[in-house]
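*Asks:* Before I ask anything, here is the structure I am working with.
Any read-out appearing in this document is the output of simple, stated calculations on the displayed coordinates, not a laboratory observation. Note that the structure is a prediction, hence the values are computed from the model and not measured. Cβ coordinates were reconstructed from backbone atoms using ideal geometry, including for glycine residues, and neighbour counts include every protein chain displayed.
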Amino acid sequence: MSGGVVTGGWNFVIAAYTVTFSVLFIYGVSIVTRLREERSREKEEANPQ
């Protein structure tokens with residue numbers, strides 16, 4: 001027993017941070033993409049040809 005201390009767990013910590021960063025990055029990219037599409041759509045509606 002190691003007295004409640006996890007030894008050799010850094011691989012799991014790095015994996016958890018990697019997954020978290022990846023999810024947040026993908027979410028941020030989707031937000032930017034949707035914002036650009038919405039602005040483009042608003043410009044098209046304001047200036048119909």
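*Asks:* Quick one: which of Thr20, Thr7, Thr33 is among the polar types (S, T, N, Q) and not in a helix (DSSP H, G or I)?
*Replies:* None of the other options fit; the residue is Thr7.
*Asks:* What about Glu37, is it surrounded by fewer than 10 Cβ atoms within 10 Å (Cβ to Cβ) and on the phi < 0 side of the Ramachandran plot?
*Replies:* Answer is no for this residue.
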